[in-house]
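Nothing in this text is a laboratory measurement; each read-out follows from the coordinates by a stated rule. Computed from a predicted model, the values in this text were never measured in an experiment. Neighbour counts run over all protein chains shown; Cβ positions are idealised from the backbone, glycine included.
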Amino acid sequence: MARLHAVRRRRRRGRSSAGMLGLVVVAAGAVMLVLAFAAAGGGGAGAASGSTASAQASSAGAASALETYLAPLVAQDPKPFASLARADRDWMLKTAVWVAAEQDHYAYTSDDRQSVPADRVRSAYRTFFGSDAAPSFRTFASDGVEYVYHADTQRYDVPVTAKKDVYTPRVTAVRQDGDTLAVTVGYVPSTGWTQRADGSVVPPASVKTMRYTLRHDGTGYAVSAVENA
C-alpha cells in the first residue's frame with residue numbers, strides 16, 4: 001500500500017504519471033488496480049448517487065489507480081482492437097520500451113540514445129499485456145523514430161527526445177463482469193491546461209472516449225481490447 005500512496009502523492013503534485021512511472025511502480029499498478037477496485041466494492045468510477053462517502057472515496061481511489069496503470073498505454077493513442085491478437089505490435093513494443101527506459105538512468109550511446117536492457121522491456125510488456133505475453137524483439141520505427149535492437153547485447157537504443165505524451169487518461173466508469181473489467185476512459189489532451197489564481201491546475205475536456213477491457217490472467221489484470229466507447 002505504501003507504493004499506492006507514493007503514486008497518489010506524485011499525481012497530486014501534478015506530475016505526468018506516464019513520465020514518472022518506473023517499472024516497479026508500473027508492476028505495482030496492476031496490484032493497486034485489484035486492491036482499489038475491491039475496496040470500491042466493484043462500483044468503479046461510476047458509483048451510484050446513493051453511495052456512502054466512504055464508498056465514493058474508494059471509488060475515486062480505484063479510478064486513480066486505473067489512470068496510473070493506463071497512462072503509458074493511453075499516452076500514444078493506440079488504434080482500436082477487439083482482441084490482443086489484432087493490436088498494433090509496434091505500439092505494444094514501444095509502450096514497453098518507454099516504460100522500461102524510465103525505470104533507471106541507463107548508459108547513453110555516442111548519438112545520445114539510452115541503452116535499455118531487453119529483460120526490462122519484457123517485464124514491462126508482460127505487466128500490460130499478460131504474464132504469458134512474449135514480445136518479438138526487433139528494430140522498429142514509430143512516428144518517424146527508429147528504435148534499434150541489438151541482439152548481441154540484448155539491448156534497445158532509445159532516442160531520448162522522441163517520447164511524447166499525446167493524451168492522459170480520465171477514468172469515467174468501471175464495470176466488472178467476472179474476471180473482466182470494462183473501463184471507460186476519456187482522453188485528455190496534453191495541451192490546453194490552465195491554472196487558476198489559487199495555483200490549482202485545470203485540465204481541458206476529454207476529446208474522445210475509449211473503452212479498455214482488462215482481463216485477469218491468474219497473475220494480474222492485463223489489457224485485452226481497446227474499443228470506441
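Counting beta carbons within 10 Å around each of SER136, SER224 and listing the fewest first gives the order SER136, SER224.
In percent, rounded to a whole number, the relative contact order of the range 170-229 is 29, using alpha-carbon pairs under 8 Å and six or more apart. Taking other C-beta atoms within 10 Å as the exposure proxy, VAL201, VAL166, VAL226, VAL148 rank VAL201, VAL166, VAL148, VAL226 from fewest upward.
The relative contact order of the range 62-213 comes to 20 percent, based on Cα pairs under 8 Å that sit 6 or more residues apart.
Under 5 Å between amide hydrogens, built in the peptide plane, is the criterion, and for TYR221 it picks out nothing among residues at least 5 positions away or on other chains.
Counting every other Cβ atom within 10 Å of each residue's Cβ, GLU102, GLU227 order from fewest to most as GLU227, GLU102. Compute the FRET efficiency between HIS150 and ARG215 as 1/(1 + (r/R0)^6), taking r as their Cβ-Cβ distance and R0 = 35 Å, and round to the nearest 0.05. The calculated FRET efficiency here is 0.55.
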